[in-house]
Each structure stands twice: as C-alpha cells, then as structure tokens.
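Novice: Next up is a structure, given as structure tokens.
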Amino acid sequence: MAKQLFRDGTEVVGFYVRTVKSGPFVFVSGTTSLDRRGRVQGKNAAEQTLITMRKIEAALKSAGARLRDLTRLTIFVTDIRDMGAVSKALAKALRGSAVSSTLVAVSALAVPGLLVEIESTAVVEARAIDRG
C-alpha cells in the first residue's frame with residue numbers, strides 16, 4: 001500500500017511530515033498551536049486546543065478527510081488540571097463527532113509556552129463523487 005505524504009511547510013527534519021495517508025487511514029502527527037514562525041498562539045489550553053484542531057482539520061482536508069472521519073486522538077497536556085478546558089474545547093471543535101481518545105499529562109512540550117499537543121488518526125470511507 002503506497003503512502004501519500006502531505007507536507008504543510010512546518011516540517012523541520014527530512015523524515016518528518018505533518019500528514020500521511022495510507023489506504024483509508026490518515027495520520028496527522030503531533031500538532032500544536034505554533035504559527036509558521038514557531039510562535040505559540042493561544043493564551044490558555046482551551047484556546048491552544050481550538051487552534052490546534054483547526055490545523056488538524058486543514059491537514060485532514062489536504063488528505064481528503066474531514067473532522068467527522070477522525071477515529072482517534074491522543075492529547076498531551078502539560079497540566080492535567082487543564083483536562084476539563086481541553087475536553088470542552090475538543091467537543092466544540094469536533095462539532096458532535098465522537099472519537100476514541102487518550103489524554104496524557106507530560107512534563108513539557110517542544111516549545112516553552114505550549115500547553116497542548118494532539119495526534120490524530122482518521123479513516124476515510126469511499127465516497128460517491130458529485131459530478132454535477
């Protein structure tokens with residue numbers, strides 16, 4: 001099964017790519033609220049979650065998937081007390097979709113000030129193409 005790679009310009013090393021599609025699966029690597037210049041966006045965990053989910057949605061779209069195709073999220077937070085705010089932000093971002101998920105507290109993320117990082121997996125079912 002051939003892999004399709006979808007780069008978004010934020011890759012910092014040659015082996016890393018933001019989004020990979022293999023068969024019906026779309027994998028989006030750990031995503032944060034960093035902008036293209038490497039600056040943290042969002043003042044708190046909820047804001048960072050919403051920004052991160054918008055970036056994940058764009059990554060999914062580049063590979064032909066949608067938020068409703070998500071099947072799994074792994075969420076990393078630097079403060080477990082942010083779990084409630086992150087969960088509420090995810091519910092808002094997912095717009096009624098349900099996914100399996102794991103939330104893990106970690107001591108730090110790649111850049112100081114980052115509070116949330118999210119990995120995701122989607123499964124894209126065959127869809128009829130509207131040719132009208």
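Novice: Identify all lysines with a Cα-Cα distance to residue 61 below 26 Å; exclude those on the same chain that are fewer than 8 residues away in sequence.
Specialist: 3, 21, 88, 92
Novice: Order 31, 121, 71 by their accessible area, 1.4 angstrom probe, all chains in place, largest first.
Specialist: Result of the area sort, largest leading: 71, 121, 31.
Novice: Give the carbon-plus-sulfur fraction of the accessible surface of the chain in %, rounded to a whole number; probe 1.4 Å, heavy atoms of protein chains only.
Specialist: 55 percent
Novice: Rounded to the nearest 20 debye, what is the charge dipole size of the chain about its Cα centre when +1 sits on each Lys and Arg Cβ and -1 on each Asp and Glu Cβ?
Specialist: 360 debye
Novice: Can you give me the angle between helix 83-94 and the longest principal axis of the chain, using Cα atoms only, in degrees from 0 to 90, rounded to the nearest 10?
Specialist: Rounded to the nearest ten degrees, it is 30.
Novice: Going by the alpha-carbon gyration tensor, a ≥ b ≥ c the square roots of its eigenvalues, is the stretch 1-60 rounded (a/c under 1.5) or, if a/c is not under 1.5, prolate (a/b greater than b/c) versus oblate?
Specialist: oblate
Novice: Against the longest principal axis of the chain, how steep is helix 45-62, in degrees 0 to 90 to the nearest 10, with axes from Cα atoms?
Specialist: 20 degrees
Novice: Another one. Taking a 1.4 Å probe, which of 117, 47 shows the most accessible area, and what order do the others take after it?
Specialist: Reading off the accessible areas and sorting them downward yields 47, 117.
The values are calculated or read from the model by the stated rules, or taken from the named source; none is laboratory data. No experiment lies behind these values; they were computed from the predicted model shown. In this analysis, Cβ positions are derived from the backbone assuming ideal geometry, glycine residues included, and neighbour counts consider all displayed protein chains. We work out accessible area using only protein heavy atoms, side chains counted, and drop any ligands, DNA or RNA first. Shrake-Rupley method; radii C 1.70, N 1.55, O 1.52, S 1.80 Å.
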